[in-house]
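The values are calculated or read from the model by the stated rules, or taken from the named source; none is laboratory data. Predicted, not measured: the structure shown is a model, and the values here were computed from it. Because the Cβ atoms are built from the backbone with ideal geometry, glycine has one as well, and the counts that use them run over all protein chains shown. With ligands, DNA and RNA removed, areas are computed over all heavy atoms of the protein, side chains included. Shrake-Rupley method; radii C 1.70, N 1.55, O 1.52, S 1.80 Å.
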Amino acid sequence: MRRNDERWDDVDAELRFHFEERVEELVARGLSHETARRQADSEFGDVHAVRSGLVAIDRRMRRRRRRREALTLVLADLRHAARRLRRSPGFLFATVLTLALGIGAVTAVFGTVDAIALRMLPYPSAERLVRVQNTLPGIDDTWALARGQFLHYREHARGFDAIGLYRTGAGTVRSSSGDAAYARIALVNVDLPRVLSLDVSEGRLFREEESLGEGASVVIVAESFRRAVLGGAHVLGSTLELDGRVHEIVGVLDDDVRLPEEVRYGASSRIDLWVPLALDPAEPAQNHHVFRGVGMLRDGITLEAAHADLASLVRRFPETLPTAYSDRFMEETGYAPELVRLRDEVVGGSDRVLWILLGAVCVVLLITCANVANLFLVRADGRRREMTVRTVLGAGAADLARHRLAETLMVTSLAGLIGIALAWAGMRALVQIAPPGIPRLPEVGLTPNSVALALGLSLCIGIVFGLLPSGGRGAESRVLAEAGRSLTLSRGRRNVRNALVAAQIGLCFTLLAGAGVLLRSFAHLTAVEPGFETDGVLTFNLVLPSPLYPDAAATAVFYERLSQRIAALPGVSAAGGGTSLPLGGIPGCTGTTPVAPANPDQGGECLPVIFITPGYFEALGIAIVRGTAPDWTSLRAGARVAIPSAGLARYFWGSGDALDQAVIVGGPAESFVSGLAADLANDALDVPPVDVLYIPILPPAYGAITVRQLSFVVKTTMRDPLALVPAVRTALRDIDPSVPLNRPQAMTDIVATSMSRLTFTATLLALAALMALIVGAVGIYGVISCTVSLRRAEIGIRVALGAHASHVRSLVLGETLRIALIGIVAGVGVTVVLGRFVASLLYGVRPVDPLTLAVVAGLLIVVAALAGWIPAMRARRVDPLEALRSV
Amino acid sequence: MSKPELDLLLGTLDVLVLRALSFGPLHGYAVARFIREGSDGAFRILDGALYTALHRMEERGWVVSSWGQSEKGKRAKFYKLNAAGKRALKAQETRWADYVAAVGKVMRASP
């Protein structure tokens with residue numbers, strides 16, 4: 001403020017001088033004072049306007065000058081800092097590299113979190129999008145929407161602008177060139193593109209009338225599919241054959257048009273074709289929940305309000321949709337609508353893993369900071385004499401602080417830049433090694449947010465380090481008084497440094513313990529008996545075109561021929577198929593009722609049902625623990641049999657004999673238990689076995705279901721079952737060239753995928769822990785060796801007074817171990833507190849695992865001892881004469 | 001003030017001020033006096049515009065200002081041409097001469 005006033009005084013003084021001179025001159029020419037004044041005024045013009053103009057110009061000038069001066073000062077400071085740092089390349093290298101590693105790790109993981117968990121979905125109104133589904137707490141399940149339910153919602157629900165509905169599946173496409181190809185299909189209703197703001201890049205979207213009745217034979221193709229299968233030619237208006245029916249291509253989708261599932265799982269789940277979803281309102285409602293719904297909340301309506309509205313509709317379903325929902329069903333299952341924000345669903349549970357990782361790398365950053373802080377302290381100690389001399393020579397405290405800040409900022413920004421480069425490389429590696437299950441992974445990369453974070457971190461760290469006390473003003477005079485003579489380190493500074501090292505060890509301990517329990521649970525998992533064979537098992541998928549295979553009998557003929565052809569191949573011992581594979585998860589469930597359950601109150605259950613062909617159990621090595629599984633002969637004979645898993649049989653019939661018991665699966669017909677299959681992990685290895693019911697594809701089950709999509713399994717004696725693929729392809733072509741072989745995979749790969757998320761997490765956490773360990777070890781070594789060299793004189797005196805070499809060594813080692821122990825004790829405390837965050841990732845081991853803690857503690861003590869060993873040996877060899885002379 | 005006053009052509013003020021300063025450092029009032037007397041009062045220049053021009057030139061880096069003593073011993077702000085200012089004067093002088101010559105040529109020409 002004062003400066004501004006001064007400025008104005010300047011202008012005023014200049015103008016005042018002008019007027020005084022002018023008036024004086026005019027008066028000298030004989031004018032009266034009054035007239036002279038008036039003339040001077042009129043010669044000048046508008047004084048006020050001129051004055052404020054001048055003030056503005058001057059203010060601008062001054063501001064610019066000040067900025068220039070500051071810049072010059074900063075540049076000079078930076079030049080000095082650069083010169084000083086160049087003189088100690090070892091220090092520069094150590095600090096920059098350590099910090100760059102820490103910042104790089106945080107940036108990489110944050111970039112991943114940013115892409116996966118923080119960034120919005122690629123839909124313009126993402127915050128208004130919700131998944132519309134049902135929750136059934138009574139049977140602990142979540143169901144998609146049913147046709148009747150959706151049509152009722154569309155009529156009566158008030159909370160939504162629209163609800164998009166779709167269903168994904170697979171089909172066989174034959175293009176005009178005659179090649180058969182497997183295609184992922186989405187049946188979409190007219191509202192879905194509007195809700196998700198998706199549009200075609202060429203042609204048009206579906207029309208309302210195209211989803212009436214059977215649905216028009218029109219199709220929209222994805223750009224990638226057009227390139228890969230249709231030859232990339234101009235396709236609008238041409239046709240393709242989808243499952244035997246000719247469809248007209250009316251539109252093309254850009255590759256960035258994606259349904260939520262595609263966003264979540266990336267390229268491996270690309271939808272190739274869109275087909276209109278036809279829903280017949282005339283048909284009675286069914287309890288058949290297969291449609292995925294995405295609603296766009298009406299503007300201003302909260303999720304809670306929309307949910308309350310749906311809940312009131314659903315409560316009346318027994319009256320409004322009596323064909324599908326009985327009072328008893330509602331009561332037993334607790335059937336109710338559920339709304340989940342689409343973002344939460346797409347990100348799923350993986351943000352938890354990432355947050356834990358982010359926490360871990362933040363700890364690594366803390367360790368590196370403690371380490372670098374120590375290095376700066378050591379450096380400040382080494383330069384105390386220089387600082388003191390400069391103070392005495394007139395350098396102000398502010399000057400010294402500025403110099404120090406320039407130095408630390410230079411180090412940290414260099415580290416930040418290198419860290420960003422490391423993060424970029426790290427993220428590329430991360431995407432390469434990551435398992436397929438992690439959502440939105442393809443979007444991971446260096447985001448503006450993560451770059452900003454890296455730069456912000458390096459600035460903050462630089463400022464904090466720059467403001468770190470380097471002895472204080474009072475200390476300088478004392479140092480000067482000592483004239484640079486100091487036999488050993490002052491106690492205060494040693495304590496600060498030791499505390500920093502102890503903190504590093506403590507944090508290191510926490511990380512190692514976290515990685516340790518994850519690795520242990522990984523080991524537990526690999527030891528789990530999955531209940532089926534994985535070695536030498538080949539799997540692939542088939543989709544039969546419906547016109548050629550109109551009913552179950554026709555499909556059975558195909559499956560039998562294929563099984564026999566494949567089984568006859570050299571090196572193959574069994575072949576069969578099923579609608580789902582172990583660890584593949586089981587889509588949906590079917591109402592199943594035991595006719596004579598052990599507990600008479602036992603009603604029907606919605607159970608996972610897997611349709612199988614003979615050979616399925618043999619190929620997968622799933623044991624039939626009682627009775628028999630059907631073969632092709634018995635299948636053709638028409639016996640209606642069911643094979644429950646042992647757990648399911650126990651559940652229905654208790655300890656009684658399950659064989660020949662009757663169950664009603666879906667429809668009215670009864671099936672009889674012919675055998676029991678061993679329990680096995682169906683969803684993932686780390687969840688308990690699921691109760692399943694296996695039903696042969698013949699005779700056709702309820703609603704004359706025809707199984708046209710099947711996963712085939714082939715048991716081979718080969719080490720690499722994929723070597724069998726050409727022979728299988730030939731066999732398939734001989735039987736029916738219009739059926740493509742899709743996704744051949746070794747069963748071992750499927751198992752690896754199931755565990756991949758844990759493997760991934762454990763690997764990354766182990767990497768973080770290893771980094772922490774190395775940085776921590778370097779920290780201990782650095783501090784102890786620096787302590788030793790600063791205490792040379794003291795040690796020299798001790799030796800001169802008769803101390804043994806071994807005594808000197810244990811003096812140094814003892815101090816090292818003392819610091820390590822303090823760190824470890826603190827680390828145990830932190831681990832106990834933070835343990836619950838990893839609890840959900842663990843299998844067969846508790847987050848605070850005594851064995852892991854003991855091993856980690858032992859490891860850290862060994863590392864600390866090793867890091868202290870070298871300086872201790874050096875201390876032992878101190879020559880008292882030489883040490884004292886150099887004081 | 002018997003002669004008719006001429007309106008100053010745009011941009012001419014700068015060249016006049018630079019010219020005034022080319023003989024050595026002057027305070028604002030001296031510059032005003034130089035122009036008034038040098039033109040025999042032919043121009044109607046508002047003194048305020050003069051000061052604005054001086055401050056602008058300082059901002060542009062043609063002149064530097066400093067406080068000093070006037071001939072009568074009063075505190076006054078002096079302006080001094082620097083190298084850039086001298087270059088500017090030379091450039092403007094040339095331009096001015098070209099302009100005068102061009103106007104003169106047209107005035108003498110006959111169709």
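Please compute the average number of Cβ atoms from other chains found within 10 Å of each residue's Cβ in peptide B:49-58.
5
Net charge near B:Tyr99: determine it from the other residues with C-beta under 14 Å of the C-beta of B:Tyr99, scoring Lys and Arg +1 and Asp and Glu -1.
-1
Within straight cross-link reach of B:Lys72, meaning Cα distance under 13 Å, which aspartates and glutamates are found once same-chain residues fewer than 8 apart are removed?
A:Glu20, A:Glu21, A:Glu24, A:Glu25
Which order, highest average first, do A:507-518, A:301-312, A:159-170, A:548-559 follow once you tally other Cβ atoms within 10 Å for each residue and take the mean per peptide?
Result, highest mean Cβ count within 10 Å first: A:507-518, A:159-170, A:548-559, A:301-312.
Could you please state how large a percent of the accessible area of segment A:30-115 is carbon and sulfur, counting protein chains only and using a 1.4 Å probe?
That fraction is 61 percent.
So what is the calculated 222 nm ellipticity per residue for chain A, using -39500 (n - 2.57) for each DSSP H run with n of 4 or more, over all residues, to the nearest 500 deg cm²/dmol?
Dividing the helical sum by the residues of chain A leaves -18000 deg cm²/dmol.
Would you check the accessible area of B:Ile45, probe 1.4 Å, heavy atoms only, in square angstrom rounded to 10?
Using a 1.4 Å probe on the heavy atoms, I get roughly 30 Å².
I need the calculated FRET efficiency for the pair A:Asn599 and A:Ala308, taking r as the beta carbon distance and R₀ as 41 Å, to the nearest 0.05.
So the FRET efficiency works out to roughly 0.65.
State the Cα centre-to-centre distance between segment A:29-49 and segment A:249-298 in whole Å.
Centre-to-centre (Cα) distance: 86 Å.
For A:Ile870, A:Ile418, write out the residues from largest to smallest accessible area, computed with a 1.4 angstrom probe and no ligands counted.
Reading off the accessible areas and sorting them downward yields A:Ile870, A:Ile418.
So who's got an amide H within less than 5 Å of the one on B:Ala76, skipping anything under 5 residues away but keeping other chains? H placed 1.01 Å off N, in plane.
B:Gly68, B:Gln69, B:Ser70
Which residues does a label at A:His288 reach in segment A:134-168, if reach means a backbone N under 15 Å from a point 7 Å past the Cα toward the Cβ?
Under 15 Å, as judged by backbone N against the label point of A:His288, lie A:144-151, A:167-168 of segment A:134-168.
Using a 10 Å cut-off around each Cβ of peptide B:40-46, what is the average number of partner chain Cβ atoms that fall inside?
Per-residue shielding by partner chains comes out at 1.
Tell me the label-point distance for the pair A:Val389, A:Thr323, using the 7 Å Cα-to-Cβ offset, in nm and rounded to one decimal.
Each label point lies 7 Å from its Cα, and together they span 9.9 nm.
Over the heavy atoms of A:Asp199, what accessible area does a 1.4 Å probe trace out, to the nearest 10 Å²?
The accessible area comes out at roughly 90 Å².
Sorting check: for A:445-454, B:89-98, which peptide has the highest mean count of neighbouring beta carbons within 10 Å, and how do the rest follow?
Per-residue mean Cβ counts within 10 Å order the peptides as A:445-454, B:89-98.
For the residue pair A:Ile735 and A:Leu459, what label-to-label distance in nm results when each label sits 7 Å from Cα along the Cα-to-beta-carbon direction?
According to this spin-label approximation, the distance is 6.6 nm.
Excluding A:Val130 itself, calculate the net charge of residues whose Cβ lies under 13 Å from the Cβ of A:Val130, where each Lys or Arg counts +1 and each Asp or Glu counts -1.
Counting the neighbours of A:Val130, the net charge comes to -1.
Could you tally the net charge around A:Ala872, taking each other residue with its Cβ under 11 Å from the Cβ of A:Ala872, Lys/Arg +1 and Asp/Glu -1?
+3
What quantity of accessible surface, computed with a 1.4 Å probe and excluding non-protein components, is buried in total between chains B and A, in Å² to the nearest 100?
What B and A bury together is about 2200 Å².
What FRET efficiency, computed as 1/(1 + (r/R0)^6) with R0 = 60 Å and r the Cβ-Cβ distance, is obtained for A:Ala401 and B:Arg36, rounded to the nearest 0.05?
0.60
Which whole-number value in Å² is the accessible area per residue of segment A:360-436, probe 1.4 Å?
Heavy-atom SASA per residue in segment A:360-436 reads 42 Å².
Which value in nm describes the separation of the simple spin-label points at A:Ala554 and A:Ala429, placed 7 Å from the Cα toward the beta carbon?
My value for the distance between the label points is 5.5 nm.
May I ask you to find the residues of segment B:60-84 that are shielded by at least 20 Å² of accessible area once the whole protein assembly is considered instead of their isolated chain (probe 1.4 Å)?
Flagged in segment B:60-84: B:Trp67, B:Lys72, B:Lys74, B:Arg75, B:Lys77.
Looking only at other chains, what is the average number of their beta-carbon atoms within 10 angstrom of each beta-carbon in B:19-31?
1
May I ask you to give the solvent-accessible area per residue for segment A:16-86, in square angstrom, as obtained with a 1.4 angstrom probe?
It amounts to 63 Å² per residue over segment A:16-86.
For a protection proxy built on the mean count of beta-carbon atoms within 10 angstrom, sort A:826-837, A:83-94 highest first, please.
A:826-837, A:83-94
Given R₀ = 30 Å, what would the calculated FRET efficiency be for A:Met873 paired with A:Asn495, taking r from the Cβ atoms and rounding to 0.05?
0.75
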